[in-house]
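Heads up: the structure comes next, in structure tokens.
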Amino acid sequence: MSLLRAHNLRKDYGGVRAVADMSFAVDAGDMVALIGPNGAGKSTCFGILNGQVRPDAGQVLFDGIDITAWPARRVARLGIGRSFQIAQTFGSMSVRENIQMALIARRGFVWRFIGPARALFVEPADALLAQVGLEHVGDRACATLAYGDLKRLELAVALANQPRLLLMDEPTAGMAAADRVDLMTLVRRIAREQRCAVLFTEHDMDIVFAVADRIMVMDRGLLIAEGDAATVRANPAVRAAYLGEDDAT
Amino acid sequence: MDFLVNQFLTGLAGSASLFLIAAGLTVIFGVTRIVNFSHGSLFMLGAYIAWSILTRLPRDPTWFAAGVLAAALATGAIGIALEVGLLRRIYRAPELFQLLATFGVVLIVQDLMPLLWGPNDLPLPRPPWLRGFVTILDQRFPLYDLILIALGPLVLALLWLLLHRTRFGILIRAATEDRDMAAALGIDQRRLFTAVFALGSALAGLGGALSLPNASANLQTDLSVIVEAFVVVVVGGLGSVGGAFLAALLIGELQAFGIALIPRATLVLIFAVMAVVLILRPNGLLGKPLAPVRGSASAPAFIGRPPNWLGGVLLLGFLLAVAAPFVVGPHKIAILTEALIAMVFAAGLHLMMGPGGMPSFGHAAWFGLGAYAAALTAKAFLAPLPPTLLAVSLAAAPIVAGLAGLAFGWFVVRLSGVYLAMLTLAFAQIVWAVASQWTGLTGGDDGILGVWPNMPFYWVVLTLSAATLWLLRRTIYAPYGYALRAARDSAPRAEAIGLNPHALRAVAFGIAGAAAGLAGGLFAFAKGSVFPTYVSIGHSVDALLMVLLGGVGTVIGPMIGGLAYTGLYDVLLQVLPMWRLALGGLIIALVLAFPNGLAGAVRGRAL
């Protein structure tokens, strides 16, 4: 059974149909890329999945539970982690504290008013930092990290929640080219190890073809193709809608 | 029927005055994003200037109109001076500092005005045409009110033409929509902001001048006017002139009918309407969500581990305070008692402002609620109070204020900073109005007297203050405090790890309310009395100043701030006849010089 299922999602903005009729599924442990030209509806689709956008029609099922238009924090508690286009971290905390905060939330310690938070979950936090290669900067203010490291920190924060699915909206936006491949390779390795599924959007086709198990292509609010890299590359509709731009230039 | 018509027209006249005040405030806010606390002072200046001009002119309608316009222009000129001299320097400062700086202007103006015009109310001698009546449906209705009713829409129309049919208006609207984009397109911001501030100030002056025939120029108008203007602007939507007009109509009519039907509850009624509007339309009737102003949002300061010596210093301070009554005299102990209470008051506010990221301009509301709760409970028993009943009375203070804070917080925490600041201020004014008007319960302005504890109270204050401060400090470093900070640093990320920012913030409101309530209860017994002044705007500002003096980004800050402020206040009050002037100047200097507060200025490591 699929971990995440979207059925006939539709969303209009005024007269503009951002998402026309999207149905797809992500299996446990799968690494799936959602691609498409600008304005294809990827971001709206993502917004629906993580509860920020209420769809006009359709539903989202996670592990058989209807989570359509659930608030983000409920979705999170179910085991869906996410990263943001612009990295979102807790700027007043150290790198380690960012992770500790996520662990505190995960383990239900939030409403404790006594006892220092920074003494909680130090070892699991350091283990998560080691996983993403940030073990040496745990005590630094996270505002001092380079952007690529912030993205890694965000990934570790998401992993602290022991997600079964990671939603990553343009995870490599704003990063240097070499960093991008490194980050997504890391995501792929960790996802494999933890049998965590990943659904991400990405503009860089090299990365998509390199790391994704499966690729879904959107155009004008519709899913026009899906399959592995070779299938998608060969698909004439995709070439026309997307890769065709390359031919024209 | 006659009653309805009469009240309706009275309401319209009131609406026109409200609109004139609110229009200037909202135009200024729209472009500069500054909530100008001194707008009421400009209104008051307009009234006084108009008095000086009109009493020297022939008393016919033409000269009256000319005099009123001259007063408006003069107020506009004062506005220009204010903008160039002060506001221009703080456009990128946090909004709370802007509010405070303009409140400093309020204080300075309050002390300077009596020097120029004397302390007494100045009535405008009214020539016959100003006293005229028009008969409408057999009811005599003041001619001047009808003139006001006509002026409201006229000013609205002129403003609309200015905003929609002139180049200046296009620039204003562009800057309101997106200030940075307007700047990127080559619009000279400095000139635009100055011009807008002049326009808004002139409108305030016009409102003040026009108020003169119905009410003498007096020195209390500034704060009452600004609170009304805040309500109108918030209900209408910040930055929306049309919204201000609608809201002025709504509030004006509510006031007219409220005073006639349920005089006691008018203020409460207005607040209830405001709450309903904001729950249904969080941006006001015609307001749009505020576009974020880029570059002004300061990155949250990193809060590190407190240095090891801090615990020792605090313990030493506590021991010195325990021994103090054996060393120093009763006057010093009284000041020390006040300082301890001030620390608790400030520490609660710091929790919601610092880690919570929520400014409050009405923190005295909770202080007052606590003070009245304690005093009324004590009054229900027999004085003087034995320790057990004192404990019950004192416990009532944080419980009442904390629950009220939690309930209020639940409704308002999803609003943005400026709305929050204005709403907390408005709520404090409601509490103040109830305290001063519900004489049966609170004794009105005479207050509640004779609530003395039957024991040495200083050590009680010291023990409870120290315990509260310690608990608040632990709370900030506890998981809850971290979660609160997480929601402030990045609400989307906080939600994504399963936190509930709304609930976290509402609880912070409750904690801050409880701390302020306890401070109020202690203060009631320390002074043996409770007065409505405990809930005044000035007292809310005291709390803010203490927090800012100590530094929002530090945990030790409110303690330093409370101590420094109480000491400073004591000194200022003794040596300076014009303490408002000094305090106002100090606030402005503080905002200009130390945007991070005192502890922030000397901080190498986080405290």
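The values are calculated or read from the model by the stated rules, or taken from the named source; none is laboratory data. Treat the numbers as computed from the prediction; the structure is a model and nothing was measured. Because the Cβ atoms are built from the backbone with ideal geometry, glycine has one as well, and the counts that use them run over all protein chains shown. Calculation scope for accessible area: heavy atoms of the full protein, side chains included, ligands and nucleic acids excluded. Shrake-Rupley method; radii C 1.70, N 1.55, O 1.52, S 1.80 Å.
Can you spot a residue in the stretch B:379-389 that is modelled with pLDDT under 80, at negative phi and basic (Lys, Arg)?
Initially, the stretch B:379-389 is screened for residues modelled with pLDDT under 80, giving B:381-388.
Within this subset, residues satisfying the condition of being at negative phi are B:381-388.
In the following step, the residues that additionally are basic (Lys, Arg) were identified as none.
Among the residues of the stretch B:379-389, not one is modelled with pLDDT under 80, at negative phi and basic (Lys, Arg), which makes the answer no.
In this structure, residue B:433 does not satisfy being small (Gly, Ala, Ser), within 11 Å of chain A (Cβ to nearest Cβ) and touching a helix residue (DSSP H, G or I) at 6+ places or on another chain (Cβ under 7 Å).
Output the residues belonging to the stretch A:92-149 that are in a loop (DSSP other than H, G, I, E, B), of a type in the set (A, V, I, L, M, F, W, C) and over 30 Å from residue B:471 (Cβ atoms).
Across the stretch A:92-149, the qualifying residues are A:132, A:134, A:145, A:146.
The residues of the stretch B:370-416 that are surrounded by fewer than 16 Cβ atoms within 10 Å (Cβ to Cβ) and among the polar types (S, T, N, Q), listed by number, are B:388, B:416. All conditions in (1) under 21 Å from residue B:361 (Cβ atoms); (2) of a type in the set (A, V, I, L, M); (3) assigned to a loop (DSSP other than H, G, I, E, B) hold for residue B:555, with the sole exception of (1). Applying a threshold of 6 Å to beta carbon distances and a minimum spacing of six or more residues, or different chains, the list of pairs starting in the stretch B:137-154 at a residue that is β-branched (Val, Ile, Thr) and ending at one that is open to solvent by less than 60 Å² (accessible area, probe 1.4 Å) and in a helix (DSSP H, G or I) reads B:149/B:12; B:149/B:13; B:149/B:16. Can you find a residue that is out of contact with any strand residue (DSSP E or B) (no Cβ under 7 Å at 6 or more places or on another chain), within 9 Å of another protein chain (Cβ to nearest Cβ) and within 26 Å of residue A:29 (Cα to Cα) anywhere in the stretch A:136-152? No, the conditions are met nowhere in the stretch A:136-152.
So, in the stretch A:16-33, how many residues would count as being closer than 14 Å to residue A:45 by Cβ and crowded, with 19+ Cβ neighbours inside 10 Å? If you could, list the steps in order and put the result at the bottom.
Here is the first cut: in the stretch A:16-33, the residues closer than 14 Å to residue A:45 by Cβ are A:17-26, A:32-33.
Those left that are additionally crowded, with 19+ Cβ neighbours inside 10 Å: A:18-19, A:22, A:24, A:26, A:32-33.
Result for the stretch A:16-33: 7.
(1) surrounded by fewer than 24 Cβ atoms within 10 Å (Cβ to Cβ); (2) more than 28 Å from residue B:460 (Cβ to Cβ); (3) not polar (S, T, N, Q): which one isn't true of residue B:423, the others all being true? Failed condition: (1). Condition first: within 26 Å of residue A:80 (Cα to Cα) and among the charged types (D, E, K, R). Now tell me which residues in the stretch A:133-159 satisfy that. Of everything in the stretch A:133-159, those that are within 26 Å of residue A:80 (Cα to Cα) and among the charged types (D, E, K, R) turn out to be A:135, A:149, A:151, A:152, A:154. Candidates are the residues of the stretch B:439-451 that are open to solvent by 10 Å² or more (accessible area, probe 1.4 Å), small (Gly, Ala, Ser) and under 29 Å from the mean Cα position of the chain (by Cα); the one that is farthest from the other protein chains (Cβ to nearest Cβ) is B:440. With the structure loaded, tell me whether residue A:124 is on the phi < 0 side of the Ramachandran plot, assigned by TED's automatic domain parsing to the domain that holds residue A:175 and in contact (Cβ under 8 Å) with a residue 12 or more places away in the chain or whether it fails that test. The answer is no for residue A:124.
The number of residues in the stretch A:119-135 being within 12 Å of chain B (Cβ to nearest Cβ) and surrounded by fewer than 18 Cβ atoms within 10 Å (Cβ to Cβ) comes to 1. Once the stretch A:58-68 is narrowed to residues that are in a strand (DSSP E or B) and open to solvent by less than 30 Å² (accessible area, probe 1.4 Å), the residue that is nearest to residue A:80 (Cα to Cα) is A:62.
Counting residues that are surrounded by fewer than 20 Cβ atoms within 10 Å (Cβ to Cβ), which helices (runs of 4 or more DSSP H) fully inside the stretch B:31-137 reach at least 3?
Working: elements: B:39-54, B:61-85, B:95-117, B:128-131.
By residue number, B:61-85, B:95-117, B:128-131.
For the stretch B:566-604, the tally of residues that are touching an Asp or Glu at 6+ places or on another chain (Cβ under 7 Å) and modelled with pLDDT of 80 or more stands at 3. Looking at the stretch A:69-91, which of its residues are open to solvent by 10 Å² or more (accessible area, probe 1.4 Å), part of a loop (DSSP other than H, G, I, E, B) and out of contact with any Phe, Trp or Tyr (no Cβ under 8 Å at 6 or more places or on another chain)? Those that are open to solvent by 10 Å² or more (accessible area, probe 1.4 Å), part of a loop (DSSP other than H, G, I, E, B) and out of contact with any Phe, Trp or Tyr (no Cβ under 8 Å at 6 or more places or on another chain): A:69, A:70, A:71, A:84, A:85, A:86, A:88, A:89. Among residues of the stretch A:62-96 being at the interface with chain B (Cβ under 7 Å from one of its Cβ atoms) and among the charged types (D, E, K, R), the one that is nearest to the chain's Cα centre (by Cα) is A:82.
Within the stretch B:547-565, the residues that satisfy the criterion of being modelled with pLDDT of 75 or more and open to solvent by 30 Å² or more (accessible area, probe 1.4 Å) are B:559, B:560, B:563, B:564.
Within the stretch B:452-463, the residues that satisfy the criterion of being open to solvent by less than 60 Å² (accessible area, probe 1.4 Å) and either among the basic types (Lys, Arg) or out of contact with any strand residue (DSSP E or B) (no Cβ under 9 Å at 6 or more places or on another chain) (or both) are B:457, B:458, B:461, B:462.
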